[in-house]
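What follows is a set of notes on a single structure, which appears directly below.
Just so it is clear, none of the values below were taken in a lab; they were calculated from the coordinates. Computed from a predicted model, the values in this text were never measured in an experiment. Cβ atoms come from the backbone with ideal geometry, glycine included; neighbour counts cover every protein chain shown.
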Amino acid sequence: MTTFIESLALGRGPKRVVVKDTIDIAGYPTQAGSAALSDALPALRHAEIVERTQAAGYRIVGKANLHELAFGMTGLNAWTGTPENPRFPELIPGGSSSGSAAAVAAGLAEVGIGTDTGGSIRLPAACCGLYGFKPTFGRLDRRGVMPTISSLDCVGPITADLEELITFMAAVDHGFTSAHQGETPTLAWLQVDAEDFIQAAVEESLSMTSLPTAKAQLSLIDEAYGAAMAVINRETYNACAKWLDSGRLGADVERRLEAAGKTTDAELREAEAVRLAFTAEVDRLLEFHDVLVLPTLPHTPLTRAAAEAGQQDLTISTLLRPFNLSGHPALTMPLVPNAGRPVAMQLVGRKGGDASLCGAARVLAGANETDHR
């Protein structure tokens, strides 16, 4: 299993952490899973998230593999190898933080640090049956993280246990305080397009709680997905175009990067208008509800065999990317698998309300665990 790009032993804490290889660790090159960066010099200093992780007493045990240049959703990587999905071995591990999720699912670390520009924490977490958290945009410092400039990307944790995730967030973000146990969040169940078995699982999960729940819609969610695609394409092209035609990019990333270069200024202006409108729509809904609930994935992830045969599926991120565009915190939590297929539920909260969102996840997870026992 090609989970680690490099095994390390930094720090002496009992809790093990793996760090996605788009994040600087002093003394080691940051190669983003790409042969184009095979001659990268060692980083001179830790990224801010690495500094905070070590200061909190965690032990970094490896740099984690990823989809090349963090620009893909399958997690496949022809240069470094592809991590196996420990819990659903016939399926992709999900990208781009594939190694971070695989390491946690395999029990090699308690925390995987990933990055999420278009679902790249939440997707692999969902594919591997884990918890994954994209904080409010800008909440965790991105200094020392590739790409240097992004209006979408967030650093965040992947864990097998919700309490582990909450503990880590509190350790690296001193403004993060867990919501009081007695709080009763109100939920808006978003009506979105997803496979029937996924919708049924989310409905069943909500039915296990006594939390106030109302059905709701976000009319611009499809437009927000398209807008987020335009923004990530332009920003990734700006950061990575220098490696086009180098002969050192994987074929899938080369094709996608070439296509990204065709994003027009008009498309980008329209995307920014959608960003403003969709963000306002989410904010308005969150004035009446504490948490928005929806499936994490709209359908079953690709099989690894299909992905290795060249099949792509960017639409797996249909319900993820919109909240990168808007910047709201979003958390995925695993539900009971269906016939060997992972199922996950996504929670979205108010900007800055990261701890309250995790508190609501705690209530929902507790209700589901009680029922399954």
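Here are some notes:
- Local electrostatic count at THR213 - Lys and Arg +1, Asp and Glu -1, tallied over other residues with Cβ under 13 Å: -2
- GNM remark for the chain: springs join alpha carbons under 10 Å apart, and the peak mean-square fluctuation among THR82, THR315, THR296 falls on THR315.
- For the residues THR22, THR167, THR136, a GNM of the chain with alpha-carbon springs under 10 Å puts the largest fluctuation on THR167.
- Each semi-axis of the equivalent ellipsoid for segment 288-338 is √(5λ) with λ an eigenvalue of the Cα gyration tensor; in descending order they amount to 26, 15, 7 Å.
- The residues packed around HIS289, meaning those with a beta-carbon under 14 Å from its beta-carbon, carry a net charge of -2 if Lys and Arg are +1 and Asp and Glu are -1.
- Of the cross-linked pairs LYS134/LYS215; LYS20/LYS242; LYS15/LYS215; LYS63/LYS134; LYS215/LYS262, those separated by over 30 Å at the C-alpha level are LYS15/LYS215; LYS215/LYS262.
- Separation of segment 181-245 from segment 53-91 is 23 Å, based on Cα centroids.
- Euclidean distance between Cα centres, segment 306-342 to segment 1-46, Å: 25 Å
- By the combined test of axial Cα extent (at least 15 Å) and Kyte-Doolittle hydropathy (mean at least 1.0), the qualifying DSSP H helices of the chain come to 162-172.
- Virtual spin-label span in nm between ALA305 and VAL336, 7 Å along Cα→Cβ: 2.9 nm
- Each other residue within a Cβ distance under 13 Å of ALA160 adds +1 if Lys or Arg and -1 if Asp or Glu, for a net charge of -1.
- For THR80, no residue whose modelled amide H falls within less than 5 Å of its own remains once neighbours fewer than 5 places apart on the same chain are excluded.
- Nearest-0.05 FRET efficiency for ALA26 and ALA78, computed from C-beta distance (R0 25 Å): 0.30
- Tail fraction, Cα-Cα pairs, segment 45-203, threshold 28 Å, whole percent: 22 percent
- Per-residue [θ]222 nm for the chain (sum of -39500 (n - 2.57) over DSSP H runs n ≥ 4, rounded to 500): -10500 deg cm²/dmol
- Chain lengthening between SER219 and ARG45 when straightened (0.36 nm per residue, less Cα-Cα): 58.2 nm
- The Rg/Rh ratio of segment 4-372, with both radii computed over alpha carbons and Rh defined as the Kirkwood radius, is 0.94.
- Estimated at 0.36 nm per residue, the fully extended path between ARG143 and GLU203 surpasses their Cα-Cα distance by 17.6 nm.
- Secondary structure note: in the chain, about 65% of the DSSP beta bridges are antiparallel.
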